[in-house]
Amino acid sequence: MNDTSQFAFELPSIEGLMATHFLPYFIGIALVTLTTYTWHDYRRSAKTMIQKARTRFPNQPYRMITDFGEVVMLQSEWFQEIRNNPHLTFIGTIAEERICEIPGFEPLATLGEDGMLVRIIATKQLTRSINQVTEPLSEEIALSLSINMGESTDWHEIQVMPALRDITTRMSSRVFLGKELARSKEWLEIMTNYTTATLTAITKLTKYYPAIRPFLGRFTPECKQVQTYYKRARDLIEPVMEQRVALKRAAVAARQPEPVYNDALEWIAKESKEHGFKCDVANFQLMISVVAIGTTSDLLQCTLIDLIRHPETMQAARDEIAQVLQTEGWKKTSLYSMKLLDSILKESQRIKPFFSVPGLTAMRRSVEADITLSDGTLIKKGSRIHIDTHRMVDPEVYENPEEWIGSRFYDLRLQPGKEHLAQLVTTSVDHIGFGHGKHACPGRFFAANELKIALCHLLMKYDWKLAPGTPTNDVNLGFSQRVNPLTKVLCRRRKTMEIDIDSI
Ligand code: HEM
């Protein structure tokens, strides 16, 4: 039997590992965690390295040392076998990275401790509320577009990521925290900065071995920034919670009906009570904001840039939006009817998923009990698994896989039996932009609707082109790939629109 785990997260000699393990080791990046220089190498060229390893060990599990420590790499062929294994968790991988032990990063620990609660809130409350929040979300984005993109009908330049992150923060805050905080300048500033500071600090910390991260985190300036914003965020959320409790108590005392709020502050309190979870509402809120804002603004930017590069598809999307909104108005079902827009988002996500480079890895899992694969490979408790995402760009699965074709999934939906499979929120072994199986992203239904509403406003109200000479290349960080934060575009308010979206 193959045994993969005895040396997980240790740094023994490569020769020793090669001699004592049955699973092959890919040593191309084996030194990455030892020095900063090799870490940089790994960060830039992980894609090439994994391609080499795939050729060397076709369809075979193998091990690598990465900035996550040692990982067992599984090819896509193993997807179906492990996707619902109860001993594999996504959240466990976060605890192993040791970052949530640093002051200011407590919200990430909330993801670990109350993983069930997140799932319940995201799948039950958030998804259920989509119908009620479609109009408020549309109202929020109308306001934030006017602030970020302006009203000028002349071409003007903007940096895309800060603008889209602000838009996403406002939309998420409206649903997660209610109108009051979503309109608070201070909250928005803190939220945007907390999310950005957290991601920046994580990027820096992951170049060091997990065991020393909690220590380093106490001194690095990036982590100190996180702590400052974390404290300010708590100072803002806690009084809102206290005020709600006081208002409810007062209503009960006056024998009046209690005030009802339909936002995540309320859902967290309700579901924690119902399921017996102990929950720190402020930490929980910040965690949801961090997981939701970075991912959603990333996909929004790459979709917008893809559409700017394909003006004919942008116009086709505008026509679809106008036709659907004219007949159905703002409803959850109207968003479902925007099938081309759905396809466009799914195609942009296929080419550049958030957690991975296509053809690299995704679906990180922490192994919580020994598991044995059908070929006899034993993966021990404490190991970490990554899945190779090669199928997302495999010519045997997708025709011309390197080419962005906005209508790719729209066309697929027309084929018998593929209607459901080709939707943005459907995960499969061929498209794992939201993961797949038991731990697939529970926020994807909400995110899909939020993204569509944002695109409706962005496309209908503005004309777009790339700013001359702007960088649009994605930024590679080891196994991850982010949109370029420096990308700039030119935009102008459209004088005539297919439909006046604000009057619907
Ligand atoms: C475009 C936006 C988003 C993208 C691309 C995205 C992507 C992902 C991916 C790839 C995973 C890992 C799944 C796996 O490994 O199988 C994940 C997990 C998760 N996401 Fe999202 N996500 C997005 C938005 C959201 C939102 C809006 C929320 C919350 C409201 C959310 C909450 C979560 C949670 C709680 C998990 C952990 C699930 C678990 O461990 O069982 N995500 N997401």
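The values are calculated or read from the model by the stated rules, or taken from the named source; none is laboratory data. Quick caveat, the model's predicted, so the values are computed rather than measured. Here Cβ is always computed from backbone atoms with ideal geometry, including for glycine, and neighbour counts include all displayed protein chains.
Things worth noting here:
- Listed conditions (1) closer than 23 Å to residue 106 by Cβ; (2) within 15 Å of the ligand (Cβ to nearest atom) are all met by residue 303, apart from (1).
- The single residue among 371, 308, 344 that is surrounded by fewer than 23 Cβ atoms within 10 Å (Cβ to Cβ) and within 30 Å of residue 75 (Cα to Cα) turns out to be 371.
- Residues of segment 411-433 that are near the ligand (Cβ under 10 Å from one of its atoms) and touching a residue at least 24 places away in the same chain (Cβ under 8 Å): 424, 432, 433.
- Checking each residue in segment 207-221 for being in contact with a Lys or Arg (Cβ under 8 Å, 6 or more places away or on another chain) and either surrounded by 21 or more Cβ atoms within 10 Å (Cβ to Cβ) or acidic (Asp, Glu) (or both) picks out only 213.
- Number of the condition not met by residue 127 [criteria: (1) in contact with a Lys or Arg (Cβ under 8 Å, 6 or more places away or on another chain); (2) within 12 Å of the ligand (Cβ to nearest atom)]: (1)
- Among the candidates 218, 213, 232, 249, the residue that is outside any helix (DSSP H, G or I) and more than 25 Å from residue 139 (Cβ to Cβ) is uniquely 218.
- Note on segment 252-269: among residues that are touching a residue at least 60 places away in the same chain (Cβ under 8 Å) and not hydrophobic (A, V, I, L, M, F, W, C), the one that is farthest from residue 124 (Cα to Cα) is 261.
- Among (1) crowded, with 22+ Cβ neighbours inside 10 Å; (2) within 16 Å of residue 81 (Cα to Cα); (3) modelled with pLDDT of 85 or more - the single one residue 364 does not satisfy: (3)
- Selection of segment 442-490 for residues being buried (at least 22 other Cβ atoms within 10 Å of the Cβ) and at positive phi yields only 478.
- Single residue of 198, 192 found to be part of a helix (DSSP H, G or I) and at pLDDT below 85: 192
- Any hit, segment 110-122, residues being within 20 Å of residue 194 (Cβ to Cβ), more than 14 Å from the ligand (Cβ to nearest atom) and in contact (Cβ under 8 Å) with a residue 12 or more places away in the chain: no
- Qualifying position, being at positive phi and at pLDDT 75 or above, among 63, 119, 98: 98
- Flag if residue 492 is within 16 Å of the ligand (Cβ to nearest atom), in contact with a Phe, Trp or Tyr (Cβ under 9 Å, 6 or more places away or on another chain) and in contact (Cβ under 8 Å) with a residue 40 or more places away in the chain: no
- The residue that is nearest to residue 136 (Cα to Cα), among those in segment 257-297 that are modelled with pLDDT of 80 or more and among the basic types (Lys, Arg), is 270.
- Residue in segment 50-59 that is under 30 Å from residue 220 (Cα atoms) and either more than 16 Å from the ligand (Cβ to nearest atom) or over 22 Å from the mean Cα position of the chain (by Cα) (or both) present: no
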